[in-house]
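Every number in this text was worked out from the coordinates using simple rules, so none of it is lab data. All of these numbers come straight from a predicted model, not from anything done at the bench. Here the Cβ positions follow ideal geometry from the backbone for every residue, glycine too, while neighbour counts run over all protein chains shown.
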Amino acid sequence: MATRQSIEDLLQQCEDAIRNAHEQYQDHTRQEHYNETEFTEAMQQIETAYNDLAKMALSANGQQREQLHRMRLQLQQVQNNLILHEH
């Protein structure tokens, strides 16, 4: 079973990834192609957090799975926004 601390750490990692993605999205909007590396890294950070959530959900209890699912939805929304903005 996943520990409470491991869930909290993972959720913090996800929140950090979302915050970074929002910052890169704003920078990308202002600077267009000048921050491609940072923008790509933000997308990778979101993908990594999403995959980590999926792995953690396998050992989580019901309440923890619900928390992880809500965070996964947030990550998907941010990821979709980044992809749409990139094109």
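Worth pointing out:
- Ordering A60, T40, Q13 by the projection of their Cα atoms onto the charge dipole of the range 4-86, which places +1 on the Cβ of Lys and Arg and -1 on the Cβ of Asp and Glu, puts A60 at the extreme positive end.
- Counted by Cβ distance under 15 Å from L11, the other residues give a net charge of 0, where Lys and Arg count +1 and Asp and Glu count -1.
- Dipole of the chain computed with +1 at Lys/Arg Cβ and -1 at Asp/Glu Cβ about the Cα centre; of Y25, N81, Y50, farthest Cα towards the positive end is Y50.
- Label corresponding to log10 I(q)/I(0) by the Debye sum over Cα atoms at q = 0.13, 0.21, 0.22, 0.23 Å⁻¹ when calculated from the structure given, among [x] -0.52, -1.01, -1.05, -1.09; [y] -0.34, -0.94, -1.04, -1.14; [z] -0.42, -0.88, -0.94, -1.00: [z]
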